[in-house]
Amino acid sequence: MSTQYRTMKDVPKEEYLAQGHRLCAGCTAATAIRQILKVSGPNTVVVSATGCVEVATSFFPQSAWRIPWVHVGFVNSAAVASGIESAMKALFRKKKTDEKVNVIALGGDGGTFDIGLQALSGAMERGHDFVYVCYDNEAYMNTGVQRSSATPFCASTTTCPAGKFSRGQSTEKKDLVAIALAHNIPYAATATPAYPFDLMNKVRRAIDVEGPALIHVLTPCPTGWRFEVEKGIDYSKMAVLTGLWPLYEVAKGSMRLTVQVPRREPVKKYLEAQGRFKHLKPEDIEGIQSRADLLAAKYGLGPVKEQV
Amino acid sequence: MARVGLSGNYAIAYAVKMADVDLIAAYPITPQTTIVEKLSDFVANGELNAEYINVESEHSAMSACIGASLTGARVFTATSSQGLAYMHEVLFMASVLRTPIVLANVNRALSAPLNIWNDHSDAMAERDSGWIQFWASSAQEAFDTTVLAFKVAEETRLPVMVNIDGFIVSHTYEPVEMPGEDAIRSFIPSKAMLNRVSPRLSYSTGVVGPPEYYYEMKYQAVDAIERSRERIREMQATYNKAFGRDYGDTYGYFMEDADYALLTMGSMTGTARVVAEKLRSQGEKAGVVSIRTYRPFPSDILERLLRGVKSVGVMDRAVTPGGPVSPLLADLASCLYGFAERPVLQGFVAGLGGRDVTEDEFEMMYSKTKDAGKSGHAGQTVYVGLRE
Amino acid sequence: MSKQNLKGWKEIPEGGMITEPGSSVGFDVQAWRTYRPVMDKSKCTKCGMCWIYCPEGAIKYNADGSYEIDLTYCKGCGICNRTCAVKAISMVKEER
């Protein structure tokens, strides 16, 4: 039975993400990583894909990592993690080492949904004992807000900008957890840092499970989504409350909603103050509301609050 | 010492087994595949205690190898042509991150058009990657060079590529003398290297190197491969002594008094030798130089070997379209440029895409090289056997 | 960064590794701030939410169970101000 995090007293106080990293003020990915590393502890190797987190935490000679950390490329965090996991297994078996480590591969949405998908698929299919964490800020934020296949419908990015002939992103984001589950992995879950205990318990379960596990974390980005820097956690919460980001886990094929939303907020409350959605017309908002309603139906969330 | 009939690929597989690697991460591609199939067999039957990762691409193969190498494990992979090209970006990372990976590259032509047969375009495309490159011309050499590669990689902390010609060396069965496993293990002891991803150290590897630092970090790898030159020769000498071989960075055949020489790399050396013997019997002062260590380039040895030679015909099995000359000729010309006395260099491109290079064609190349030597200047690069 | 402090290729760890974990603590992020958080300890219920939400780890946990803002690492984002349930933290314009 995995350790349960129920109250603040249960949360380890050590910081494995050191202060002084260069992530933007208000970056919720930083918050998420702090929470994740408290769960994984010092006996963890993190393999980062190129992206916001990698670049902002490893600018020579400053490293924000208080645990062993590796970055090799954009495409291959899952492949590098596979190599580390298997090599440690071999060395332990051949009595060339006495160490056992948790291996966490960490990629942004770009390095996971797009360029890193193949390596992730391979690593999951092969059954390596590791955790893949995707911190999803819904675009290639590090390089200046270009669209990824995790960019939601109608969001404006620099490579799918809203304009005279464009409504922004024209397709819906891929369902990463569904893709992961298609590989028969024993554990996959969604999370977001506004619900820290939910996130930490899921990370704990992911680490403890034997085999590959995937956590898809929504990490709102004030810079790219264009909202005030102090609102990151507010948006993280609002995504859940509208039903656009259901918090659930799937363990051994069985789905369980972990945060119920008895009365959902209308998506308008989530979309209205984000600069990337300011071009939305009523019909676009209706489209996004239908999607939220579909997700609510699929995952068993409550109905939308009555408008007063 | 056992004497067994082995293909070049199997010779490499046996060398890897005897080296007691800890991890193999590989993706199949013709004509490398029988190496990894043999290794899978060894692992499946408990003859080799290693983790075998069936990666989903060559890019992931090299990436997994880097991850594994960082833990201090002994790591091997094999590829050819498109596979090597697919891992291109990761090769550059492996050298600067100083991961002692051994890669067997079974030389095959790069597409397009699709071609599974032998030429050197794949390895030539990676000559800037910072990898040490050895070239083996027979199954025996393939075995010995692979064993040596592990030692060189771990002592210099640089990745090493062992090249063998696709089908010609990889699939031809030849007698191979294999020392016992104990003898091999005493040359390359099976022990873990530093675990750079140990929580006891908590290092950060693969960092961002801004303009203030990139230059110095890259130079570390340049300096390392330069300094590896002497170390490689020392290790070759140790190997030769232990196992009764005679390996160096180059081979010279009949070079003591040669007037006109042919320079080759890989299995073409064999044909060149046969032709040189024939020419010698006709009174020609022919010689052959074969390069075994391509990176770091053995400039000093080549200069000494070619001193007093009137002309050298350089055989490239790859092209550099739009370049001044083909790759091997470019490297040789550069290393000889600074010397007041140097031979005339005649360029030849032959054997692309597995095209057979015949003894007659070698004789033609010798004859053109001799003409160049007599006249004092070379003609344009000759594309041997090209149909108009 | 003055040029005199920069390491040469012989001194930089092999492979460009950073061998000092958490060396980022030497990087000055205080200059990023326009606003600074101020905690009213009399209102603080010691719930820890500001601590768990801070992207920087700029809120310290003390052995007596109280929380304290460490301005050395604070970028002034204001998440602590937004997430405090009892409004014990307010954002004040930086004077510097």
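Every number in this text was worked out from the coordinates using simple rules, so none of it is lab data. Predicted, not measured: the structure shown is a model, and the values here were computed from it. Here Cβ is always computed from backbone atoms with ideal geometry, including for glycine, and neighbour counts include all displayed protein chains.
Roughly speaking, what is the centre-to-centre gap between region B:314-388 and region B:213-292 when only Cα atoms are used, to the nearest Å?
After rounding, the separation between the Cα centres reads 17 Å.
With a cut-off of 19 Å, note down the residues of region A:58-75 whose backbone N falls inside the zone around a label point 7 Å from the Cα of residue A:158 toward its beta carbon.
Answer for this model: A:74.
How many nm separate the modelled label positions at residue A:10 and residue B:337, each set 7 Å beyond the Cα in the direction of the Cβ?
Here the answer is 6.9 nm between the modelled labels.
Taking the Cα atoms of region B:93-175, what is the range of coordinates along each of the three principal axes, in descending order and whole Å?
The Cα atoms of region B:93-175 stretch 35, 33, 12 Å along the principal axes, largest first.
Output the pairs from A:38/C:93; C:41/C:93; A:202/A:237 with a Cα-Cα distance over 22 Å in this structure; if there are none, say none.
Beyond 22 Å between Cα atoms: A:38/C:93.
With 10 angstrom as the radius, rank A:31, B:358 by how many other C-beta atoms surround their C-beta, starting from the fewest.
If I rank by nearby Cβ atoms, fewest first, I get B:358, A:31.
Rg and Dmax of chain B, Cα atoms, in Å?
20.7, 69
Could you tell me the center-to-center distance, by alpha carbons, between region B:149-210 and region A:243-308 in angstrom?
With region B:149-210 and region A:243-308 each reduced to a Cα centre, they are spaced 53 Å.
Return the calculated 222 nm mean residue ellipticity for chain B, to the nearest 500 deg cm²/dmol, obtained by summing -39500 (n - 2.57) across DSSP H runs with n ≥ 4 and dividing by the residue count.
-13000 deg cm²/dmol
Given the DSSP H assignment, sum -39500 (n - 2.57) over each helix run of at least 4 residues in chain A and divide by its residue total; what's the result at 222 nm in deg cm²/dmol, nearest 500?
-9500 deg cm²/dmol
What FRET efficiency, computed as 1/(1 + (r/R0)^6) with R0 = 60 Å and r the Cβ-Cβ distance, is obtained for residue A:263 and residue B:223, rounded to the nearest 0.05?
For residue A:263 and residue B:223, the calculated efficiency is 0.35.
How about residue C:43: which lysines have a C-alpha closer than 16 Å to its C-alpha, ignoring those fewer than 8 places off in the same chain?
Within reach: C:87.
Can you run phi through the Karplus equation (6.51, -1.76, 1.60; θ = phi - 60°) for region A:79-88 and list ³J(HN,Hα) in whole Hz, with x for Gly and Pro?
Once rounded to whole Hz, the list reads 6, 5, 4, 4, x, 5, 4, 6, 5, 4.
Suppose R0 equals 45 Å; then what is the FRET efficiency for residue A:184 and residue B:114 from their Cβ-Cβ distance, rounded to the nearest 0.05?
0.85
Sequence neighbours fewer than 8 away in the same chain don't count; with that in mind, list the aspartates and glutamates whose C-alpha is under 20 Å from residue B:368.
Excluding near neighbours in sequence, the set is B:257, B:259, B:277, B:284, B:316, B:356, B:359, B:360, B:388.
Taking Cβ-Cβ under 4.7 Å as the only way to count a partner, pick out the unpartnered cysteines of chain C.
Those would be C:44, C:47, C:54, C:74, C:77, C:84, since no other cysteine Cβ in chain C comes under 4.7 Å of theirs.
Using 7 Å Cα-to-Cβ label points, what is the residue B:360/residue B:41 separation (nm, one decimal)?
3.9 nm
For chain C, what is the mean residue ellipticity at 222 nm derived from helices alone (per DSSP H run of n ≥ 4: -39500 (n - 2.57); sum divided by total residues; nearest 500 deg cm²/dmol)?
So the calculated ellipticity at 222 nm is -2000 deg cm²/dmol.
Once chain A is represented by equal point scatterers at the alpha-carbon sites, with solvent omitted, what log10 I(q)/I(0) does the Debye formula produce at q = 0.10 Å⁻¹?
-0.53
To make sure I understand, if each residue's beta carbon is the centre and we count other beta carbons within 10 Å, what order do B:257, C:70, B:144 fall in, fewest to most?
Ranking B:257, C:70, B:144 by Cβ neighbours within 10 Å, fewest first, gives B:257, C:70, B:144.
I'd like the GluC sites (Glu not before Pro) in region A:1-89 restricted to DSSP loop residues with at most 14 other Cβ atoms within 10 Å, sorted by number.
Filter output for region A:1-89: A:14.
Could you give me D for the protein assembly as shown, from Stokes-Einstein at 37 °C and 0.692 mPa s, where the hydrodynamic radius is the Kirkwood radius over C-alpha pairs? Units µm² s⁻¹, please.
It comes out at roughly 114 µm²/s.
Looking only at region A:8-299, where both bridge partners belong to it, what percent of the DSSP beta bridges are antiparallel (to the nearest 5)?
Given both bridge residues lie in region A:8-299, the antiparallel proportion sits at roughly 35 percent.
Give me the distance in nm between label points sitting 7 Å out from Cα along the Cα-to-Cβ direction at residue C:28 and residue B:256, one decimal.
With each label placed 7 Å out from Cα toward Cβ, I get 7.3 nm.
What is the helix-to-structure angle for B:211-243, meaning the angle in degrees between its Cα long axis and the longest Cα principal axis of chain B, kept from 0 to 90 and rounded to the nearest 10?
80 degrees
Lysines near residue C:7 by alpha-carbon distance under 19 Å, same-chain residues fewer than 8 away left out - which ones?
Straight-line reach from residue C:7, under 19 Å: B:218.
Could you give the dipole magnitude of region C:42-96 about its Cα centre, charging the beta-carbon of Lys and Arg +1 and that of Asp and Glu -1, in debye to the nearest 20?
Roughly 220 debye, rounded to the nearest 20.
Go ahead and collect, in residue order, the members of region C:59-96 whose backbone nitrogen is under 16 Å from a label point 7 Å along the Cα-Cβ direction of residue C:43.
Residues C:67-69, C:78-93 fall inside that zone.
Go through A:9/A:100; A:9/C:46; A:89/B:191; A:231/A:268; A:96/C:10; A:89/B:17 and tell me which ones have a Cα-Cα distance over 21 Å in this structure.
A:9/A:100; A:96/C:10
Give the separation of the Cα centroids, region A:1-65 to region A:146-215, in Å.
19 Å
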